[in-house]
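Following: one structure in structure tokens, then a few remarks.
Read-outs throughout are calculated quantities, based only on the coordinates presented, and are distinct from any laboratory measurement. Every value quoted in this text rests on a predicted model; they were computed, and no experiment measured them. When we count neighbours, we look across all protein chains shown, and the Cβ atoms used for this are built from the backbone with ideal geometry, even at glycine.
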Amino acid sequence: MAIEVRIPTILRTYTGDKKSVEGAGETLAELFTDLDTRYPGIRERVVEGEELRRFVNVYLNDEDVRFLEGIQTKLSDGDNVTILPAVAGGAGAEPRPAGVVAGRRAGAR
Amino acid sequence: MRYDNPLAAVGNTPLVRLARLSPSDNVTLWAKLEDRNPTGSIKDRPALHMIEQAERDGTLTPGCTILEPTSGNTGISLAMAAKLKGYRIVCVMPENTSQERRELLAMWGAQIISSPAAGGSNTAVRVAKELSAEHPDWVMLYQYGNPANTAAHYATTGPEILADLPTITHFVAGLGTTGTLMGVGRYLREKVPGVSIVAAEPRYDDVVYGLRNLDEGFVPELYDESVLTTRYSVGSQDAVRRTRELLREEGIFAGVSTGAALHAALGVANKALRAGESADVVFVVADGGWKYLSTGIYTAPSTEAAIEALHGQLWA
């Protein structure tokens, strides 16, 4: 079962600068474990414990997996997985008080 | 249809079935043609609502100057309304937005202040907030945090769609200020049990800093994740490919962000098809292709050439 995985610039040090690699697995969790056998260290950058890291977003066929079943999302042959860093840390974040959001937006950048 | 004045003609746009792009007879795509608004985009709705709300609460009085960070459409809508109502308007816009948008703003008498390309809309917002502090008498309507933006869609776009298509199962729109998704989404969730509200978020190439998406730390005050059922991240390639398909298959000449919405709409439609469910999927055509003609994406000989043509430009 081949899954195409698009790798963000920041993680290409693990893939020998390759923009996309192939992997296998019934779920995202299995896919990341599989990738780690050939690109050691990459899993650690995406997964923390049994969850996606907070500041990493993963998309299955462009759909945010946080709205699917997270790291347990099932995969099928021919699927596309995209990993993206969340630069400033807004990733699929839990709702915050509006005032906090406003403060960060006005001041952080 | 007859209206008393041009501003009264905002809204009441067509909803059209797309037979060729729909995956099956039971899974149907519908396009809400928001390019049919007076200035050619969906932004006429929030712009008019924000101005009229500010007039009602006394923030906006005759002779006032309106200030707004915008990558184009909202500024164009506000400038048109400001012209007709007699306000001065200053727009802060990233420098890497298309020439057409600048011409349109200038045409309606808006003053344009360019913000650096780096940081895109985030930077435009910051520059506008600085200007607002320097000019306390200017009125910043601030589309990213103004409840009248969401209210416009709750009061008009949502009811129009439901009246035209009571069997709607999915609503798909681009995620920018989030006003469309929040307003239509809340309205439909109240009226249609089980309806899916789907966001299509732009994903730019590494070279473009003009990010306007949540992952760049840009979280509009209007955004409430609980309204969404799911979220798609659509790259420039897919957005361009779908924009061209929409033109070729259905004869709809739309802007590039519409291609992103169509891509997400096809994503949920195909999932429904695989699950053996019937679906009526509505997606928003936010604007026409006119403002993007100079990119050459509509006439490029191939999708690859079109993608190359768009490279490095803001499209949503």
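Numerical summary
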| read-out | value |
| --- | --- |
| Which of A:F55, B:F171, A:F32 has the fewest Cβ neighbours within 10 Å, and the rest in rising order | A:F55, A:F32, B:F171 |
| Where GluC sites (Glu not before Pro) fall in DSSP loop in the stretch A:38-84, at most 15 other Cβ within 10 Å | A:E50, A:E69 |
| Global form of the stretch B:44-140, assessed from the alpha-carbon gyration tensor, a/c cut-off 1.5 | oblate |
| Vicinal HN-Hα couplings computed from phi for the stretch B:185-192 (Karplus, 6.51 cos²θ - 1.76 cosθ + 1.60; Hz; Gly/Pro x) | x, 5, 4, 5, 4, 6, 9, 10 |
| Chain B: most fluctuating residue of B:A199, B:A110, B:A163 per GNM, C-alpha cutoff 10 Å | B:A163 |
| Evaluated at q = 0.07, 0.13 Å⁻¹: base-10 log I(q)/I(0), Debye formula over Cα of chain B | -0.25, -0.90 |
| Unit charges on C-beta of K, R, D, E only; dipole of the stretch B:120-270, Debye | 280 debye |
| Likely footprinting exposure, B:H311, B:H153, fewest C-beta neighbours within 10 Å first | B:H311, B:H153 |
| Exposure proxy ranking, count of Cβ atoms within 10 Å, fewest first, for B:M1, B:M93, A:M1 | B:M1, A:M1, B:M93 |
| Mean projected area (nm²) of the alpha-carbon convex hull when the protein assembly as shown is viewed from all directions | 20.5 nm² |
